[in-house]
Amino acid sequence: MRALVVVDIQNDFCPGGALEVPEGDQVVPVANEMMKKFNLVVATQDWHPANHGSFAANHPWRRPGDVIQLNGQEQILWPMHCVQGSFGAEFVPGLDTSRFRKVFVKGTDPEIDSYSGFFDNGHKKATGLGGYLQEQGVKEVYIQGLALDYCVKYSVLDALQLGFKTHVVIDGCRGVNLEEGDSDKAVAEMREKGAIIVKSAEV
Ligand code: VGL
Ligand code: ZN
């Protein structure tokens, strides 16, 4: 059994959004096509309370891009994004969300960030995604979405660690690239750890 995991295709990660991913909107048609090829599709949604510790605005005189210690964890500070209930947190209009069997929210604890759709950044709490996929008998996952160098990457690494045969649908992803080359580095790291990089047309 295989499943498609659609990561964080939300307004704030698209051009014009609070945490803009260049060409982020271009993954929408790829996701809509991919979803037709899977019986089981699940999604993750970045879903932060307004007081989330990953927001620069919640730390005196900090700017997005600064790095702080947040409860013993290194944390990049971001602009406020994907605030629960806001437009930016909604899935992109045009994304066929009717195909989502289940949505797993992440980043809900103000004390810790969660790039991966499976666990928080400290690997302390699971979102339920891993257990759900296992219950459904899933052995193989295909992952795509935003952002390639953050939430996709960490979701892929956790999926591998959980023992799923893990594919990255590369044309269905875009990176933030805070530093030039971050996306390429992310792909190299995922591949090194055992992920299979595929194009949507090959699936
Ligand atoms: C993400 C940074 C902060 C992502 C989420 O979805 O890649 N990146 N929150
Ligand atoms: Zn976030």
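Compute the accessible area per residue over the stretch 28-68, keeping the other protein chains in place, probe 1.4 Å, unit Å².
Heavy-atom accessible area per residue stands at 48 Å².
Measuring from a point 7 Å past the Cα of GLN136 along Cα-to-C-beta, which residues in the stretch 1-33 have an amide N at less than 15 Å?
1-8
Using only helices, what value at 222 nm comes out for the chain when you add -39,500 (n - 2.57) per DSSP H run of length 4 or more and divide by the total residues, to the nearest 500 deg cm²/dmol?
-5000 deg cm²/dmol
How much of the accessible area of the chain, probe 1.4 Å, is carbon plus sulfur, in whole percent?
Carbon-and-sulfur percentage of accessible area, whole number: 49.
Work from the charge dipole of the stretch 2-202 (Cβ charges, +1 for Lys and Arg, -1 for Asp and Glu, about the Cα centre) and give the residue of VAL5, PHE119, ASN39 farthest towards its positive end.
The residue sitting farthest along the positive end of the dipole is ASN39.
What do you get for trypsin sites (Lys or Arg not before Pro) in the stretch 1-87 restricted to DSSP loop and a cutoff of at most 10 other Cβ within 10 Å of the site's Cβ?
LYS36
Keeping every protein chain in place, order ILE143, ILE197 by accessible area at 1.4 Å, biggest value first, i.e. largest first.
Greatest to least solvent exposure: ILE197, ILE143.
Go through the stretch 164-181 residue by residue and turn each phi into a ³J(HN,Hα) via Karplus (6.51, -1.76, 1.60, θ = phi - 60°); whole Hz please, and just put x for glycine and proline.
6, 6, 10, 10, 10, 8, 5, 6, x, 10, 9, x, 6, 6, 3, 10, 4, x
Using 7 Å Cα-to-Cβ label points, what is the ALA201/ALA57 separation (nm, one decimal)?
Between ALA201 and ALA57, the simple spin-label model gives 4.2 nm.
What is the diffusion coefficient of the stretch 1-87 in µm²/s, taking the Kirkwood radius over Cα pairs and the Stokes-Einstein relation at 4 °C with a viscosity of 1.567 mPa s?
The estimated diffusion coefficient comes to 88 µm²/s.
Given +1 on the Cβ of Lys and Arg, -1 on the Cβ of Asp and Glu, and no further charges, what dipole in debye does the stretch 2-202 carry about its Cα centre, rounded to the nearest 20?
740 debye
Using the Kirkwood radius over C-alpha pairs as Rh, can you work out the diffusion coefficient of the stretch 69-197 via Stokes-Einstein at 10 °C, viscosity 1.306 mPa s, in µm² per second?
Answer from the Stokes-Einstein relation: 102 µm²/s.
The values are calculated or read from the model by the stated rules, or taken from the named source; none is laboratory data. Not measured: the values here are computed from a predicted model. So basically every Cβ, Gly included, is an ideal-geometry build from the backbone, and we count neighbours across all protein chains shown. The area values use the complete protein model at the heavy-atom level, side chains included, leaving out ligands, DNA and RNA. Shrake-Rupley method; radii C 1.70, N 1.55, O 1.52, S 1.80 Å.
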